[in-house]
Amino acid sequence: MNPGMNAALNSGMAPVATPWFFYALAGLAVLSGVLVITLRNAVHAALALIVTLLSVASLYLMLYAPFVAGVQIVVYAGGIMVLFLFVIMLVNIERSSKERRFNRIWPAGLAAACALLALFVSAFVKGKALFMDRGMPLPESSNTQQIATMLYGEAGRMGQYTFAFEIASLLLLVAILGAVIMTKKKI
Amino acid sequence: MVPITTVHYLVVAAALFVLGVIGVLIRRNVVIVLMSIELILNAVNLNLVAFSRMWGTIHGQANLQGQVFAIFIIVDAAAEAAVGLGILIAFFRNKETVNVDEIDLLKW
């Protein structure tokens, strides 16, 4: 416990979020994102997307959002990516790993994406003063409880997002029905 | 070392977003296009959670509206991935291809 760490804790800075963790995780996320869009084999691209999802979940942990990180790992990396891998194996695109990767108008797509990137860069350079960092260390231990209060309500009242929560479960029901009907051989 | 501010997370989210857009526009394989859409949704989630951290507290409690929004987006991504892959399977049963430029049955 050196006095420098004590000063950092007293001044309200986040004690556990060292910049090296951020740069490593952010670099890993962007690198595996590049791998997702350039790999030839679809299974390799799905594995690269799993690496991206896990590094983004670690970035959520750095942002004091442990519940969203847990939901991301369990639902996104553990559910949606497994669904993708099942469909890749069903569709059996062994042949497509020997075909052309990019379509014929790829320069136009790349130019449009570069224009979008230029727009983002100009927004960050010009509007840097808009994103003032308050730097408050949010308590992690009550994060799940507070999200549950917003979603489910407490003490007989409905939460702020209880209605949206019920609509989301209805959305999942409709999506399950749609997926089952789409994949039946005879409706 | 400069401390990590909100703009750092926004830059990472913007990079992931642009990579997802490039993947949607460039790749021929439909499954990889759907995976690029998941990249876009993850970039938006990272933006939301970074802003929820930036806005501090409200009524004395932590302002977690961005995180709740991110949870709803994850739910929506699951529903959309299921339906999109169902459509892909239904189409693959007819035409045996997963390339977007060969899925052109409307111009008969």
Report, by residue number, each residue of the stretch A:163-187 that is under 20 Å from B:A70 (Cα atoms) and under 23 Å from the mean Cα position of the chain (by Cα).
-> A:A164, A:F165, A:E166, A:I167, A:A168, A:S169, A:L170, A:L171, A:L172, A:L173, A:A175
Which of (1) farther than 16 Å from A:V34 by Cα; (2) touching a Gly at 6+ places or on another chain (Cβ under 9 Å) is the odd one out, the single condition B:L16 does not satisfy?
-> (1)
Select from the stretch B:65-107 the residues that are more than 8 Å from every other protein chain (Cβ to nearest Cβ) and assigned to a helix (DSSP H, G or I) and list them in ascending order.
-> B:G66, B:F69, B:I73, B:G84, B:F91, B:N94, B:K95, B:E102
Could you tell me whether A:T52 is modelled with pLDDT of 90 or more and in contact with a Lys or Arg (Cβ under 9 Å, 6 or more places away or on another chain)?
-> no
Only residues that are over 30 Å from B:R93 (Cα atoms) and part of a loop (DSSP other than H, G, I, E, B): list them for the stretch A:146-187, please.
-> A:G153, A:E154, A:A155, A:G156, A:R157, A:M158, A:G159, A:Q160, A:Y161
Answer yes or no: is there a residue in the stretch B:85-106 that is under 24 Å from A:S58 (Cβ atoms) and out of contact with any strand residue (DSSP E or B) (no Cβ under 9 Å at 6 or more places or on another chain).
-> no
Are any residues in the stretch B:20-51 within 7 Å of chain A (Cβ to nearest Cβ) and either more than 23 Å from A:V36 (Cα to Cα) or β-branched (V, I, T) (or both), and if so, which ones?
-> B:V21, B:I22, B:I26, B:V31, B:I32, B:V49, B:A50
Is there a residue in the stretch B:51-71 that is modelled with pLDDT of 95 or more, within 23 Å of A:A48 (Cβ to Cβ) and surrounded by 18 or more Cβ atoms within 10 Å (Cβ to Cβ)?
-> yes
Please work out if B:N63 is touching a strand residue (DSSP E or B) at 6+ places or on another chain (Cβ under 9 Å) and over 19 Å from B:L39 (Cβ atoms).
-> yes
Answer with yes or no whether A:F67 is farther than 22 Å from B:I4 by Cα and at the interface with chain B (Cβ under 9 Å from one of its Cβ atoms).
-> no
Here is a list of conditions, (1) surrounded by fewer than 21 Cβ atoms within 10 Å (Cβ to Cβ); (2) modelled with pLDDT of 95 or more; (3) among the β-branched types (V, I, T), and A:V36 meets all of them except one; can you say which number that is?
-> (1)
B:R28 meets each of (1) at pLDDT 85 or above; (2) out of contact with any Asp or Glu (no Cβ under 8 Å at 6 or more places or on another chain) with one exception, condition (2)
Number of the condition not met by B:L39 [criteria: (1) among the hydrophobic types (A, V, I, L, M, F, W, C); (2) crowded, with 23+ Cβ neighbours inside 10 Å; (3) farther than 17 Å from B:E80 by Cβ] | (3)
Any idea which of A:A57, A:A48, A:A29 is more than 7 Å from chain B (Cβ to nearest Cβ), surrounded by 16 or more Cβ atoms within 10 Å (Cβ to Cβ) and within 15 Å of B:G20 (Cβ to Cβ)?
-> A:A48
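The values are calculated or read from the model by the stated rules, or taken from the named source; none is laboratory data. Bear in mind that the values here come from a model prediction, so they are computed numbers and not experimental data. All Cβ positions, even for glycine, are placed from backbone atoms using ideal geometry, and neighbour counts span all protein chains on display.
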